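Taking it in order: structure first as C-alpha cells, then the write-up.
The values are calculated or read from the model by the stated rules, or taken from the named source; none is laboratory data. Fair warning: this is a prediction, and the values are worked out from it, not measured in the lab. Heads up, the Cβs are rebuilt from the backbone with ideal geometry, glycines too, and the neighbour counts pull from every protein chain shown. With ligands, DNA and RNA removed, areas are computed over all heavy atoms of the protein, side chains included. Shrake-Rupley method; radii C 1.70, N 1.55, O 1.52, S 1.80 Å.
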Amino acid sequence: SISAQKPAFQTNEYTDAQLQEIVKKLRERANVYKEKLNDPVISSPEGSPTASPKKPPPPPKEEKKDEKKDEKKEEKKEEAETKPEEDHYCDMLCCKFKKPPLKKYKEYMKLPDTIDSYTDRRYVAWLMLVTIAYNWNCWFIPLRYVFPYQTPSNTIYWFAIDVMCDICYLCDLIIFQPRVRFIKGGDIISDRAETEKFYRSTVKFRLDVLSVFPFDILYFFFGFNPALRANRMLKHNTFFEFNDRLEAIMEKAYIYRVIRTTGYLLFILHINACLYYWASDYEGIGSTRWVYDGEGNMYLRCYYWAVRSLITIGGLPEPQTLFEIVFQLLNYFMGVFVFSSLIGQMRDVIGAATAGQNYFRSCVDNTVSYMNTYSIPRLVQNRVRTWYEYTWDSQGMLDESELLEQMPTKMQLAVAVDVNFAIVNKVDLFKGCDTQMIYDMLLRLKSIVYLPGDFVCKKGEIGREMYIIKQGEVQVLGGPDGTKVLVTLRAGAVFGEISLLAAGGGNRRTANVVAHGFANLFILDKKTLNEILVHYPDSEKLLMKKAKVLLKQKGKPPPGPPVQQPRGLASLFGQKQETPKLFRAMLGGKGKDGLAKLLQLKRQETRVKTEKTEPEKTKTRKKKQANKKTSMKETQAETATKPKEEEKKPVETTASSAPPAQKEKPNADAKPAVMQRTTSKESLIISMTPSPRAGEGEILKVEIKEKENK
C-alpha cells in the first residue's frame, strides 16, 4: 500500500502579524481596565458619548421675519469686520513702503480715562517734556535777569520759547494730572471724577496753578522783564516725580543718580555766577579788584570765579568794601555747606552702585583668608576662586534666595515662574501634574553651580535628591574603570529621579555624573517633594506610577540577543514561566539530578542499616544452638574486642551519612557494594538532634548498644 505524504504546515505571515497585533491590543485593554479597578481615579480610555443637541421648538411666523432681519444685519457686520484691511502705501522718491493707517495712530495716541503713573511709559515721556520746560525756566530766568543777554532784537525768540513752556505747563495741569490714579485705603481709584477731585485737593495742584499764573501781562507795564516769570520755578514736584519714575524703569539707575547730582552742583555754581555778576554790577564793573572787570566772556569769567569761591580753592582778590566782605563770607559759608553735602551725596550714590561688588570682594577675601589659615592646597583654592568668579558673572549675586526673601510669596512665585517655569515644564517626569504643584515646587528649587570636572553624584552614594539641568551639560560615566561616557545630558534633562520617587528609600546611585563645563543645576530633595505632594494627591499618584515604570525599567536585564517570538497560534499563549528558585535549589540546578541524589543516598542508608541488623540476628540463633557450657574466656575475649569495633563502626556510618555536597558524584553504572551477612550482638541507633548553636542545623548521632542475652 502506498501512503500519501502529508504536506508541511504553512503559516500566512500577514495573518500572523494581524493576530499578534489584535492579541497585543486586547492585553493592553485588559491591563487598563485592571488598573481602573485598582485605582478608580483613573479615567476610562474611551471617550464618553456626547449628548445629541435638542432641537429648539419652531418659532412663530412673526418672529421668523424679525430674526431674518437681525441675521442680515449681523451678516453685514461680520462681512465688514472680515474684510481685509486696505494696504496703505506711501510714495517717496522712486519706491513705495507700507505704513499703518491713521486709525492705529489715533488709537495709540488716545489717552485713557485714567493713567497709571507707575507702569504707563507715555506718562513718563510726558513728564520728561515738562521737566525740560522746567529746567529751561530754572536756568535761563536768572541768566536773562542778571546778564544782558536779552536784547530788544532777540526778545521775540525768548518770548516764543517761553510760550511753548507755558503750553506744556497748561497741558499738564488740565489734561494729564487730573487723570493720574491714586490709592485710597489700599484700593486703586480709577474713576475719572474721583481722580480730578483728588488732584484738586492736593498742594501740588495749588503750586501748579501758581506756576502758570499769567504774570506776563505785566510786560505791558514794566517791559519784558524775565523776573516776572519767576513763578514758573514752582513746578518742582513734577521734576522730582520724573526722577522717581525714571529710576524705577532704568536698569542702571545709579548712572542717572550720578548725572543728576552733578547737575545739582552745576546749577548751584550757575546761580553763584549770576549772583557774582549782579554784585559786580551793583558795585560797578571794574570799580575794584574784587569785582568783574568787564573783559572777556562775562558768563565764563563769573562762572570761573564761582567755582574757585565755592570749592574754596583760594587765590582770589581780597574784597575791599563792606558789601564785598559780607558777600564773600556768605559765599564761603554756602560753599562749604553745599559742596560738602553734594560730595556726601555723590559718595552715597557711588557706594550704592558698587555695594554688590564690594560684598562679593569681601566674601572672596574672607574665604581666601580662611583657606590660607588652614593651609588648603593651592589647587582647591583656585577652584574656589573660579566658582566665585563664574557664579558672580553668570547671575550677578552669590545666592538668589537672599534677594527673593525680601519679596512677598506671590511676587517670589511670579519671578520664579518667569525665570524657571519654561525649563521645569519641559521635564517629562512632571508632565500631567497639577500646574499649581509645579509652581510650589519652583519656590523650593535650589540653584547650584558646578565647575568642570566636579562630581555631581558618585556611584554607590545614597540618593536623596533629584537634579534638573538649568544650564550647561553633565556626563554619565560607566564602564569597568568608570571613565566611559554613557550619555551626555543637556538643559531640561533630569537625573536622580529614581532615588527621589522610590518609596523604600536608601537607593544608591548607579553611575557617576560629572559636570562637562560649567553646569547650573536645580536640586529638589525627597523631603521637600513629600511636603508638596501632601496637598496634591492626584499628582502624587501619577508620580508613583511613573516611579514604578522607572523602577521596572531599571530592574530589566541588560540587552542581549533577541528572543525568538513564537509563531502561529502559539503566540496566543504566554511564555512558559520559569521554575521557582526553591524547587530549583532542591533539584540541584540541573534537571532531576539533585532529587535523584537525595533518593539514592536515602536508599544506601537503609541498606546499611538492614545489613548491620541481619548479622546480629544470625549471631543470636547460633548462640541458642551452641553449648551452654561455653567457657567464660570466650565471653571475656568478646567483651575485650567490643571497644575496637565501636571505634570503627561510627566512622563508617558517619561517612556514609555525609551530605551530598561533600560526597563524590555517584556513578550511574556502579552497583552498590554488598556486605557479607554476619551476626553480631550489637544494635545500631541513629538519631538527629538540633544543634545548641544557632545556624548550625542538626547533629547526627550514631550509637551501638549490645543486646541483652535472654
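Computed values, structure above
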{"read-out": "Among residues of segment 334-357, those that are farther than 30 Å from residue 308 by Cα and more than 28 Å from the chain's Cα centre (by Cα), counted", "value": "1"}
{"read-out": "Number of positions in segment 162-203 that are exposed (fewer than 14 other Cβ atoms within 10 Å of the Cβ), of a type in the set (A, V, I, L, M) and modelled with pLDDT under 90", "value": "2"}
{"read-out": "Odd one out for residue 305 among (1) under 26 Å from residue 402 (Cα atoms); (2) aromatic (Phe, Trp, Tyr); (3) in contact with a Phe, Trp or Tyr (Cβ under 6 Å, 6 or more places away or on another chain)", "value": "(1)"}
{"read-out": "Search result, residues across segment 109-145 that are open to solvent by less than 50 Å² (accessible area, probe 1.4 Å), among the polar types (S, T, N, Q) and within 40 Å of the chain's Cα centre (by Cα)", "value": "114, 117"}
{"read-out": "Helices (runs of 4 or more DSSP H) contained in segment 374-472 and holding at least 3 residues over 17 Å from residue 522 (Cα atoms) and open to solvent by less than 60 Å² (accessible area, probe 1.4 Å)", "value": "378-395"}
{"read-out": "Given (1) in contact (Cβ under 8 Å) with a residue 40 or more places away in the chain; (2) under 28 Å from residue 412 (Cβ atoms), index of the condition residue 512 fails", "value": "(2)"}
{"read-out": "Every pair of residues 6+ apart whose Cβ atoms lie under 7 Å, when the first sits in segment 349-360 and is under 14 Å from residue 255 (Cβ atoms) while the second is charged (D, E, K, R)", "value": "349/257"}
{"read-out": "Tally, over segment 463-502, of residues that are without any contact (Cβ under 8 Å) to a residue 24 or more places away in the chain and more than 12 Å from residue 519 (Cα to Cα)", "value": "7"}
{"read-out": "Residue in segment 371-386 that is in contact with a strand residue (DSSP E or B) (Cβ under 7 Å, 6 or more places away or on another chain) and either of a type outside the set (Phe, Trp, Tyr) or farther than 20 Å from residue 515 by Cβ (or both) present", "value": "no"}
{"read-out": "Segment 283-308 residues that are more than 19 Å from residue 322 (Cβ to Cβ) and small (Gly, Ala, Ser), paired with ones that are assigned to a helix (DSSP H, G or I) and open to solvent by less than 50 Å² (accessible area, probe 1.4 Å) (beta carbon under 7 Å, 6 or more apart)", "value": "306/269; 306/272; 306/273; 306/276"}
{"read-out": "Some residue of segment 221-230 being surrounded by 14 or more Cβ atoms within 10 Å (Cβ to Cβ), in contact (Cβ under 8 Å) with a residue 24 or more places away in the chain and over 20 Å from residue 136 (Cα atoms)", "value": "no"}
{"read-out": "Checklist (1) surrounded by 18 or more Cβ atoms within 10 Å (Cβ to Cβ); (2) touching a Gly at 6+ places or on another chain (Cβ under 9 Å); (3) over 16 Å from residue 550 (Cβ atoms) applied to residue 517, failing item", "value": "(1)"}
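Table: residues versus (1) more than 52 Å from the chain's Cα centre (by Cα); (2) assigned to a helix (DSSP H, G or I); (3) among the basic types (Lys, Arg).
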| residue | (1), (2), (3) |
| --- | --- |
| 152 | yes, no, no |
| 161 | yes, yes, no |
| 174 | no, yes, no |
| 197 | no, yes, yes |
| 218 | yes, yes, no |
| 228 | yes, yes, no |
